[in-house]
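Enquirer: Supplied in structure tokens, the structure appears directly below.
Just so you know, all these numbers are worked out from the coordinates, no wet-lab data involved. Note that this is a predicted model, so its numbers are computed, not measured. Heads up, the Cβs are rebuilt from the backbone with ideal geometry, glycines too, and the neighbour counts pull from every protein chain shown.
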Amino acid sequence: MNLTTRHMAAFRQRLNPLNTQVEWLVNEDTYDYHQEVANAGFGDMLHDKERNQKYFIVIKKTIASMRAEGQEVHVLDIGTGTGILSMMALYVGADTVTACEAFVPMANCAEKILKANNFGDRIKLIKKRSTDIRIGEDMERKANLLVTEILDTELIGEGALAIYNHAHANLLTEHALCIPCKATCYAQVVQSSLAAQWNSLKLLVNLDGDVLLKPSPDVLNCSGEPSVHDIQMSQLPLDQIKPLTHPIEIFEFDFKCKEPIDVQRSRNILVKAFIPGSTDLVFFWWDIKMDFKEEVLLSCAPFWAHPNFKELKVKSSPRLPLTNVVPWRDHWMQAIYYIPRPLKLTPSDNEFILNCNHDEFSWWFNVFPNESNNFEKQTKRHACLCRFHITYSRSRIGQINQAQRNKRYLRFLENNIHKDSNVLVLGHGCILGLACCSLGASKVWCHEPHKFSRHFMESLVQYNKLNSVYLVESLKDLETEILNSLTHIIAEPYFLTSILPWDNFYFGYLLTKISEKLNRLVKISPFAASIYAVPVEFLDLHKIKAPVRECEGFDLSLFHKMVEVSMSISQAKVEAHPLWEYPCRALADPVELLKVEFRRFDIDKHHQGEITVKEPGLCNGVCLWVDWFLDKSGDSKSVVSSGPIASIIPGEFIKWDMFTRQGVHFIDNNQAIKANILEWSVIFKSKSAHLNFNFNIRHK
Ligand SMILES: C[S@@+](CC[C@H](N)C(=O)[O-])C[C@H]1O[C@@H](n2cnc3c(N)ncnc32)[C@H](O)[C@@H]1O
């Protein structure tokens, strides 16, 4: 290394999920925290046409009406980001504009953008949190118009309540107007065993329906984690959700109100279900009235509850699924909140109390029977005490419960495990491994290094009286004699450190640590795994990475440049996304990129090839996933896929597994044009635990 030229280089730590070792990466001298800016999700926001247009229209209308009343207009833009709302305000005639931004790399970016748009000396940029701003020091005078966008899927999750309260108390005049002006939050009570599967533990039954494992009472009775489950709700299959109520207005926030907005609020609403069922969960979303006359509305409702659904449907292309006719955005989604103990409503007993609560940042919900003494009840924010809900992600919890998938593993186990089996289970929270004991295995060792995961597994072992299961913290605790006695090593595999599907190849890495001590005849399952890829046309997801050159007539190309640099130096060219939430059409048949056999995991691989994109459409992404082969048979029933749940048909939408995240490589927008060849290569280095992909579009 040339120390004279590298003296500014900074180091950054990264956990390599393929071997769980911490690696040091060097940030180049030019690294200007582009990465953080690129990952902050601004791109998606700036592609949200409805949001941008409505802000612009309302800023223009409001400033015009203030001017018509003879007022000077002094604007404060809290959280300016790229500076877009400040530029709008100045452009349509504000007298002064003060922008503040707490995230310094973003503020530096805003500074350059304002200059490039010739607003540099006319918009005062303060690189601070609004709550640290002092009138007389940072700002000359109080503002009489607040233009801000500090909302998230929960509305209040970015701390909007405290920011508004502080601004009204310190930074705004007595009669200041606010854009947006008001927000309304909605809740709809729903029964859905599919969604409830993301929050509970079901019985594990064998192929004959006999119970193999029962959840322990501490898991069953646990209130679970109240934290938001944000989701692209319109994509939930309608036949898997049964609304019990209409959407209910639960809270309204008047942003221009001078009175402080309470930080802890609770409301009990008497609700009548229009159909009997189980009050499993609450669907939540909000809308905002942008202007003080409340004429311009922006709604985050899912398509079935969207106020403009009918008009939007008429205007949209017939090729667009109904679920996608309402404006798409990823920065504001909808939310699911799970009810700790659902009520079973009957036709005669269908009234209940919906208990809605929020604090400064988040929401939680409960239901009570309709009894007079329940009306005043408040509930404290509940918490997971059993460690199941707190340890595993929602998608992992759903996966643990997934009957279809479990059936394939159990079929393998039923055919292979017998009374002389000594089984080692590698993975975190692998309850299928515990099932080996219920299926009669002689001894089962589960490698559970994670404390909380071990606690959860221990509770299952004790409750189900699995006397021949041993939970081991480290593979080093397994004596050579034990390793040599193993007849089976099994895994799903699933590890808490995994983000991308192939991060679970860590299974292979663990095997290499003990392989020398294993019996030659030990059976390893999964036997192998393959990574597949298919080029696709996303309807919307690509927008989170698409360049933003211009927004409502303002030049944001400097922001685009930053993101571009960041994408080109990015280590992670493949990102994890739950693809069932993001419709995409297949543009070709899927192709296998790489196959690893876990018994021979130490072999390095390098493959390359090309896929002809034969369907019409814009190839803006490549989707990747792993298929796990439980045995050598090649039988489709012994394959567990983390990808599509039905065969991929080029030209049609892909149906994705709902309980894992798949890999996505976004095609650079300059390359994403029609009729292409997708060149790919993959390099797998076992020793250094590196798996790298490369994709390139070649034009015919
Ligand atoms: C959702 S973005 C909006 C960016 C921009 N206003 C727009 O509409 O595109 C919110 C921005 O507010 C910043 N922010 C949040 N709270 C803030 C505060 N109290 N003071 C200053 N900046 C804040 C965040 O760092 C983020 O850049």
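Enquirer: Counting other C-beta atoms within 10 Å, and keeping those with at most 16, which DSSP coil trypsin sites (Lys or Arg not before Pro) do you find in the range 387-424?
Expert: Taking the range 387-424 and a limit of 16 other Cβ atoms within 10 Å, the loop trypsin sites (Lys or Arg not before Pro) found are 419.
Enquirer: Between exposed GluC sites (Glu not before Pro) in the chain, where DSSP calls loop and at most 12 other Cβ atoms lie within 10 Å, what's the longest gap?
Expert: 480-651
Enquirer: As a test, work out the antiparallel percent of DSSP beta bridges whose residues both lie in the chain, rounded to the nearest 5.
Expert: Expressed as a percentage, antiparallel bridges in the chain total about 75.
Enquirer: Pairs of alpha-carbon atoms within less than 8 angstrom and 6+ residues apart define the contacts here; what relative contact order does the chain have, in percent?
Expert: 12 percent
Enquirer: Further question on the same structure: Can you work out the PRE-style zone for residue 294? Point 7 Å along Cα to Cβ, and I want the residues of the range 255-269 with backbone N under 18 Å.
Expert: 255-259, by backbone N distance to the label point.
Enquirer: What does the net charge come to around residue 527 if you take all other residues with beta carbon closer than 9 Å to its beta carbon, with K and R at +1 and D and E at -1?
Expert: The answer is +1.
Enquirer: Something else: Using R₀ = 35 Å, calculate the FRET efficiency as 1/(1 + (r/R₀)^6) where r is the Cβ-Cβ separation of residue 361 and residue 463; round to 0.05.
Expert: According to the calculation, E is roughly 0.50.
Enquirer: Let me have the 222 nm mean residue ellipticity of the chain computed from DSSP H runs of 4+ only, each contributing -39500 (n - 2.57), with the sum over all residues rounded to the nearest 500.
Expert: -6000 deg cm²/dmol
Enquirer: What residue among 62, 442, 350 has its Cα farthest toward the positive end of the dipole of the chain, where the charges are +1 on Lys, Arg and -1 on Asp, Glu, each on the Cβ?
Expert: 442
Enquirer: What full-extension length gain, to one decimal in nm, is calculated for residue 341 and residue 169 as 0.36 nm per residue of separation minus the Cα-Cα distance?
Expert: Using 0.36 nm per residue and subtracting the Cα-Cα distance, I get 57.9 nm.
Enquirer: Still on this structure, please answer the following. Using only C-alpha positions, report the orientation-averaged shadow area of the convex hull of the range 394-525, nm², one decimal.
Expert: Over every viewing direction, the Cα hull of the range 394-525 projects on average to 7.7 nm².
Enquirer: Magnitude of the Cβ-charge dipole of the range 238-302, K/R +1 and D/E -1, about the Cα centre, nearest 20 debye?
Expert: It comes to approximately 180 debye.
Enquirer: Which percent of Cα-Cα pairs in the chain sits in each 10 Å bin, short to long?
Expert: 3, 13, 21, 24, 21, 13, 5, 1, 0, 0
Enquirer: Note the full-extension length gain between residue 68 and residue 376 as 0.36 nm times their separation in residues minus their Cα-Cα distance, in nm to one decimal.
Expert: The span from residue 68 to residue 376 would gain 106.1 nm if fully extended.
Enquirer: Taking the Cα centre of the chain as the origin and placing charges on Cβ (Lys, Arg +1; Asp, Glu -1), which of 160, 526, 617 is farthest toward the positive end of the dipole?
Expert: 526
Enquirer: May I ask you to sort 278, 647 by Cβ crowding, counting other Cβ atoms within 10 Å and putting the fewest first?
Expert: 647, 278
Enquirer: While we're here: For the range 460-561, what is the Kirkwood estimate of the hydrodynamic radius, computed as the reciprocal of the mean inverse distance between distinct Cα atoms, to one decimal in Å?
Expert: Final number for the Kirkwood radius of the range 460-561 is 18.6 Å.
Enquirer: Taking the Cβ of each residue in 77, 291 as the centre, tally the other Cβ atoms inside 10 Å and list the residues starting with the fewest.
Expert: Neighbour counts put them in this order, fewest first: 291, 77.
Enquirer: Starting from 0 in steps of 5 Å, tell me what percent of the Cα-Cα pairs of the range 627-700 lands in each bin.
Expert: The calculated distribution, bin by bin, is 3, 11, 13, 17, 22, 19, 10, 5, 1.
Enquirer: Here's something else I'd like to know. Can you figure out the FRET efficiency of residue 158 with residue 605, using R₀ = 30 Å and their beta-carbon distance, to the nearest 0.05?
Expert: It comes out at approximately 0.10.
Enquirer: Counting other beta carbons within 10 Å of each residue's own, what order do 80, 279 fall into, fewest first?
Expert: Ordered from fewest to most neighbouring Cβ atoms within 10 Å, 80, 279 come out as 279, 80.
Enquirer: Something else now. In nm, what is the difference between 0.36 nm times the number of residues separating residue 315 and residue 473 and their Cα-Cα distance?
Expert: So the chain would gain 51.0 nm between residue 315 and residue 473.
Enquirer: Place a +1 charge on the Cβ of each Lys and Arg in the range 116-249 and a -1 charge on the Cβ of each Asp and Glu, then give the dipole magnitude about the Cα centre in debye, rounded to the nearest 20.
Expert: For the range 116-249, the charge dipole is close to 460 debye.
Enquirer: Run the quick spin-label model on residue 270 and residue 450: label points 7 Å from Cα toward the beta carbon, then report their separation in nm to one decimal.
Expert: 4.6 nm
Enquirer: Indicate the helices, whole DSSP H runs only, in the chain that combine a mean Kyte-Doolittle hydropathy of 0.0 or more with a Cα extent along their long axis of 15 angstrom or more.
Expert: Those that pass (Cα extent of 15 Å or more, hydropathy at least 0.0) are 104-116, 557-569.
Enquirer: From the residues 483, 544, 562, which one has its Cα farthest along the dipole of the range 445-592 in the positive direction, the dipole being from +1 and -1 charges on Cβ of Lys/Arg and Asp/Glu about the Cα centre?
Expert: Ranked along the dipole, the leading option is 483.
Enquirer: With a cap of 11 neighbouring Cβ atoms within 10 Å, and only residues DSSP puts in a loop, list the trypsin sites (Lys or Arg not before Pro) found in the range 58-140.
Expert: 134
Enquirer: Next up: Suppose R0 equals 41 Å; then what is the FRET efficiency for residue 679 and residue 140 from their Cβ-Cβ distance, rounded to the nearest 0.05?
Expert: Rounded to the nearest 0.05, the efficiency is 0.10.
Enquirer: Right, next: Going through the range 33-125, which chymotrypsin sites (Phe, Trp or Tyr not before Pro) have at most 11 other Cβ atoms within 10 Å and a DSSP loop state?
Expert: none
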